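See below for the structure under consideration.
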Amino acid sequence: LPRRCPACWVHTARKKSAAATARQRFRLSFWHHRAERRQLGSASPIMTTSYRQELEKYRDIDEDKILKELSPEELAQLDLELQEMDPENVMLPAGLRQRDQTKKSPTGPLDRDALMHHLEKQALEAKEREDLVPFTGEKKGKPFIPKNPKREIPKEEQITLEPELEEALANATDAEMCDIAAILGMYTLMSNKQYYDAICSGNITNTEGINSVVQPDKYKPVPDEPPNPTNVDETLKKIQSNDKDLEEVNLNNIKDIPIQTLKEICEAMKSNTQVKRLSLVATRSNDPVAHAVAEMMKENKTLQSLNIESNFITSAGMMEVIKAMKQNTTLSELKVDNQCQRLGDSVEMEMAAMLENCPSIIRFGYHFTQQGPRARASIAITKNNELRRKQKKT
């Protein structure tokens with residue numbers, strides 16, 4: 001339903017109440033006519049018929065039309081009668097259900113603070129009701145006796161220091177008192193952070209004073225990392241031209257790289273012999289890109305590290321990448337974790353089998369969800385690292 005302002009709502013409610021009053025007046029008129037007819041006694045059938053015909057005109061009454069024809073003075077009088085006749089009308093606000101009995105003019109706008117102050121003052125000045133024990137007249141409970149906040153120090157505990165020390169302690173700040181307490185070993189009077197800061201630091205670092213409440217360290221905002229400055233188009237041209245100065249391609253966190261451009265990069269990496277590290281983290285790569293990566297791994301013989309974490313590669317695309325690793329003997333590091341969905345048990349089993357059959361992989365980035373593939377992968381990585389260590393010795 002459409003919302004209306006309170007004034008319209010009150011006006012509508014008053015009109016409804018006025019209509020109810022008009023109906024009541026018509027009912028009173030009807031009973032008045034009926035009483036007059038009874039005083040006339042029994043009438044002929046013709047008189048009874050005319051009386052019924054006269055009452056028929058009161059059946060279909062248009063109350064709204066009657067209310068519109070009333071003058072402002074009559075509406076005011078009707079409103080005054082409504083305030084006395086219908087004090088429990090739920091259609092009206094509580095302040096309009098009865099006649100305003102005050103004749104005072106308003107003193108000004110509502111001041112809530114002054115009203116609250118007055119109510120609090122009135123409540124404090126009101127005398128409390130005495131809670132007495134039945135039939136005895138005695139007060140319940142014990143009388144309140146305020147405690148003395150100052151504890152008197154016994155004479156045997158009173159220590160008299162030299163006047164210079166007394167003056168120094170009297171003028172010491174809370175921070176200085178905190179450091180003195182830490183030096184004297186009174187660690188129960190302060191938090192652990194205050195204690196160790198006072199002991200380990202040569203300067204006064206505590207500015208809160210003696211406080212045993214443990215408070216967290218202040219939050220130090222860490223600025224966001226700057227965006228990746230890599231120019232994708234220039235990098236693609238360097239890969240295609242087999243630039244000898246380009247050994248690492250880092251396209252991490254570049255969200256607007258087209259899928260076709262990523263596929264072209266993988267296609268150019270097939271014949272590239274200079275790039276040793278390729279990172280495509282959080283580039284929105286999907287299964288077509290994974291297929292291109294798998295085809296690239298079958299032909300590339302110089303890439304040593306590949307990182308495709310945090311992408312949208314499904315189990316089908318990841319399976320192609322893992323199977324392509326069986327034809328690659330140069331890659332030593334592969335990271336494929338944190339994809340958009342769970343890769344599944346079959347992919348994890350294929351990963352474990354790939355690590356067992358590819359001794360060149362010594363670092364593999366993936367969080368296994370199954371215990372069996374995890375154990376097999378751990379054993380395979382340990383064996384591959386041991387084999388790499390023996391090869392370096394020889």
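The modelled label-to-label distance for the pair ALA114/LYS218, using points 7 Å beyond Cα in the direction of Cβ, is 4.3 nm. Taking all protein chains together, LYS142, LYS255, LYS68 sort by accessible area into LYS142, LYS68, LYS255, largest first [probe 1.4 Å].
Of the residues VAL275, VAL222, the one with the largest accessible area comes first in the ranking VAL222, VAL275, computed with a 1.4 Å probe on protein heavy atoms. Note on GLN391 and ASP233: the model spin-label points, each 7 Å out from Cα along the C-beta direction, lie 4.1 nm apart.
With a Förster radius of 25 Å applied to the beta-carbon distance between LYS323 and GLN240, the computed FRET efficiency rounds to 0.40.
Spacing of the modelled spin labels on ALA316 and GLU166, each 7 Å from Cα toward Cβ, amounts to 9.2 nm. First compute the accessible area of segment 240-355 with a 1.4 Å probe, then give the percent of it belonging to carbon and sulfur atoms. Whole-percent figure for carbon plus sulfur exposure: 44. The magnitude of the dipole of segment 352-394, with charges of +1 and -1 set on the Cβ of Lys/Arg and Asp/Glu and taken from the Cα centre, is near 280 debye. Of all lysines in the structure, those lying under 20 Å Cα to Cα from LYS65, and not within fewer than 8 positions of it along the same chain, are LYS15, LYS16, LYS57. In this structure, the residue pairs whose Cα-Cα separation is over 31 Å, taken from LYS244/LYS392; LYS147/LYS218; LYS276/LYS383; LYS301/LYS383; LYS237/LYS383, are LYS147/LYS218; LYS237/LYS383.
Protection proxy ranking of 226-233, 377-384, 122-129, by the mean of other Cβ atoms within 10 Å over each peptide's residues and highest first, is 377-384, 226-233, 122-129.
Here the Karplus curve 6.51 cos²θ - 1.76 cosθ + 1.60, taken at θ = phi - 60°, turns the phi angles of segment 305-322 into couplings of 9, 9, 10, 10, 6, 6, 10, 10, 7, 8, 5, 5, x, 5, 4, 5, 5, 5 Hz, with x standing for Gly and Pro.
The mean sequence distance of close C-alpha pairs (under 8 Å, at least 6 residues apart), as a share of the length of segment 259-394, puts its relative contact order at 20 percent. More than 19 Å apart: what percent of Cα pairs in segment 243-394 qualify? Pairs farther apart than 19 Å: 51 percent.
Estimated at 0.36 nm per residue, the fully extended path between ARG277 and LYS127 surpasses their Cα-Cα distance by 45.5 nm.
The values are calculated or read from the model by the stated rules, or taken from the named source; none is laboratory data. No experiment lies behind these values; they were computed from the predicted model shown. Glycine also receives a Cβ, built like all others from the backbone with ideal geometry; neighbour counts cover every protein chain displayed. All accessible areas refer to the heavy atoms of the entire protein, side chains included, with ligands and DNA or RNA removed. Shrake-Rupley method; radii C 1.70, N 1.55, O 1.52, S 1.80 Å.
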